Amino acid sequence: ALTIGIAGLPNVGKSTLFNALTRATVLAANYPFATIEPNIGIVPLPDERLNRLAEVFGSEKIVPATVSFVDIAGIVRGASEGEGLGNQFLANIREADAICQVTRVFADPDVVHVDGKVDPASDIETIATELILADVQTLEKAIPRLEKDVRNRRVDAEVLDTAKKALEILEAGKLLSATSGLDHDILKSFQLMTTKPFIYVFNMDAAGMDDDSLKQELRELVSPAEAIFLDAAFEAELVELDEDDAREMLAEAGQEESGLDQLARVGFDTLGLQTYLTAGPKEARAWTIHKGDTAPVAAGVIHTDFQKGFIKAEVVSFDDLMEYGSIAEARAKGRVRMEGKDYVMNDGDVVEFRFNV
Ligand code: GDP
């Protein structure tokens, strides 16, 4: 499964957020190397549509899609030179498919900041710099080899060219994820870190959460990457409550959706994933596929036999189904489509597959 690595400087609230994510009970500790062991947290992707489907079909249970997060050991300056837990940090980042950087905005004099002051822009730059330096090293090692391989005609000149252009971009201090125009597949083959999509989580206190101009400033700082604003301590309290109390606490704070739910949604999307839905008396369920997957591939997520014996998919959009109230009624109105093996799935398709066994 694809994973999102949660990274950030020490004491920014990573463990607090991660614990909230997993509802785990690992204690957040107020010292730099508190998060040595990477842990995995698998959280449900919030999807109101499943509740509505379950009502229509009288489903016994709801099975949401999930998003996987990995807690990554705290970075220190000099990680790219193997300082502190640097090597471990970089190895963990390399394994993640997207990176979520937690950045401290909350000001709490009791919680030490590694650099002595709260400065989101500088924190973001510190991590970007370490990852950029590590990628520069990787490319500087790779380029002489590629030059030889191109001379021997073992590698296309385009590959070397892409490596050189990427190196130039990195040397100008830019993340490769924030640049376009380089061949994605070639870049991927270099196993770089700054090609991975970034999500920025700003860990705010209550005053920060109400400060729209501060949020706008931070949003612009990381654009075009996604910015999520949350209060990790608040989120940690929220997950301890039952649904009704949590909704009340959110409403009191003037928020429509918890920060964790936002993070799960944005993370899922950033990984290039989407869902389709199935429903019946047993369960209403969301299945995870990649954006652009065809119907047989989607069927294969349920069972490989569904893919092998794929005949067709009976598809109705969630909105049409809700409008007509049942599959039968939607079919009578011509809203249930028969789709073949080339059909590209849409998010929220409600599907039944026909297949040979
Ligand atoms: P990590 O080193 O990034 O994993 O940070 P932790 O989650 O361990 O948090 C470091 C300290 O900051 C702990 O004492 C937390 O209780 C505290 N902390 C985390 N999030 C917040 C927050 O939103 N507000 C305040 N005031 N303190 C926080």
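Please sort through the DSSP H helices of the chain and keep those with an alpha-carbon extent of at least 30 Å along the long axis and a Kyte-Doolittle average not below -0.5.
Numbers: long enough: 120-151 (46 Å, -0.07).
Both cut-offs are met by 120-151.
With a ≥ b ≥ c the root eigenvalues of the C-alpha gyration tensor of the range 227-292, is it rounded (a/c under 1.5), prolate (a/b larger than b/c) or oblate?
It comes out oblate by the Cα gyration axes.
Considering only the range 3-269, what is the antiparallel percent among its DSSP beta bridges, to the nearest 5?
If we restrict to bridges inside the range 3-269, about 20 percent are antiparallel.
Measure out, as a whole number of angstrom, how far apart the alpha-carbon centroids of the range 290-357 and the range 114-137 sit.
With the range 290-357 and the range 114-137 each reduced to a Cα centre, they are spaced 46 Å.
So how strong a dipole does the chain carry about its Cα centre when Lys and Arg Cβ are +1 and Asp and Glu Cβ are -1, to the nearest 20 debye?
1940
Can you tell me the dipole magnitude for the range 292-355 around its Cα centre, using point charges on the Cβ only (Lys, Arg +1; Asp, Glu -1), in Debye to the nearest 20?
300
Expressed as cubic angstrom per residue, what is the convex hull volume of the alpha carbon set of the chain?
Spelled out: Cα convex hull of the chain, divided by residues, is 171 Å³.
Mind checking Rg over Rh on the range 293-357, alpha carbons, Kirkwood formula for Rh? List each step's numbers first, then the result.
Numbers: Rg = 11.8 Å, Rh = 11.9 Å.
Ratio value, two decimals: 0.99.
No value in this document is a laboratory result; all are computed from the given coordinates. What you see is a predicted model; the values in this text were computed from it and never measured. Cβ: placed from backbone, ideal geometry, glycine included. Neighbour counts: every protein chain shown.
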